[in-house]
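Trainee: If you scroll down you'll find the structure; I have some questions about it.
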Amino acid sequence: MKLAFIGIGNVGYALANNFQIKGHEIIIAHDDEKSDSAVKAQEKNPAFGVLPIQEAIEASDVVFLATPFKLNEEILSPLDFKGKTLIDCTNPIGPGISHGLESKISGSEKVQEWAKGAKVVKAFTIYGFENLENPGFPNQDVKPVMLIAGDDSKSKVLVHSLNTQLGFETLDVGDLSLSLHLEHMTLLWVKMVRKNGHHPNFTWAYLER
């Protein structure tokens, strides 16, 4: 598939690089092909292409959003996603590692509001980039789980397939409003690792009986 990435920092690059290794075509969606982020990403993986954001959306099968959340409204509002799946990898983080929208609404619901014509699925947010860069946990009896949320069932099936390719088990928690709770899981992970010094090389798992 052709996968477009709006945002190619730590999270975006980790996902894009792994998916390129799996055989997908990666398009960096950026209106300035000479931007620092695009140039640095292509230096690390020359197989990445670059297109202006709207052109990248139109050329891709799936779009990933991996930007700082505060930029999302400005970036997304002028765009038309034309029914494409938009995977929201962003989190609204406020002062003191709090929820940036005061837990009144999820960031993904705001992304859905701003991204005209998109089918938004929340995914790849409950861990830091380290576990997207290297999702493998050898010699374990269970796979790491990736929790997802969204309103469109076909888009969630597609995200499930991408998760599987990276080595994650998928747990669909429900509609897009439940992204709020996934964002709180992210805050827990970030506080543990970035603030309290826990090592980043751990994930959640889903056990069932």
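The values are calculated or read from the model by the stated rules, or taken from the named source; none is laboratory data. Owing to the predicted nature of the structure, the values given are computational and were not obtained by experimental measurement. Cβ sites come from the backbone with ideal geometry, for glycine too, and all protein chains shown count toward neighbours.
Trainee: Quick test of your reading of the structure: Lys154 fulfils all but one of (1) buried (at least 17 other Cβ atoms within 10 Å of the Cβ); (2) out of contact with any Lys or Arg (no Cβ under 7 Å at 6 or more places or on another chain); (3) assigned to a helix (DSSP H, G or I). Name the failing condition by number.
Mentor: (1)
Trainee: Which one is surrounded by the fewest Cβ atoms within 10 Å (Cβ to Cβ), of the residues in the range 159-184 that are of a type in the set (Ser, Thr, Tyr) and in contact (Cβ under 8 Å) with a residue 12 or more places away in the chain?
Mentor: Ranking the qualifying residues of the range 159-184, first place goes to Ser177.
Trainee: Then there is this: Working carefully through the options Val145, Val190, Val173, find the one that is in a helix (DSSP H, G or I) and either at pLDDT 95 or above or aliphatic (A, V, I, L, M) (or both).
Mentor: Matching residue, one of Val145, Val190, Val173: Val190.
Residue by residue, here is whether (1) buried (at least 18 other Cβ atoms within 10 Å of the Cβ); (2) part of a loop (DSSP other than H, G, I, E, B) holds:
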{"residue": "Leu71", "(1), (2)": "no, no"}
{"residue": "Glu74", "(1), (2)": "no, no"}
{"residue": "Pro78", "(1), (2)": "no, yes"}
{"residue": "Thr90", "(1), (2)": "yes, yes"}
{"residue": "Glu102", "(1), (2)": "no, yes"}
{"residue": "Glu109", "(1), (2)": "yes, no"}
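Trainee: Every residue in the range 180-209 that is of a type in the set (S, T, N, Q) and over 29 Å from Gly23 (Cα atoms), please.
Mentor: Asn196 - this is the single residue of the range 180-209 that is of a type in the set (S, T, N, Q) and over 29 Å from Gly23 (Cα atoms).
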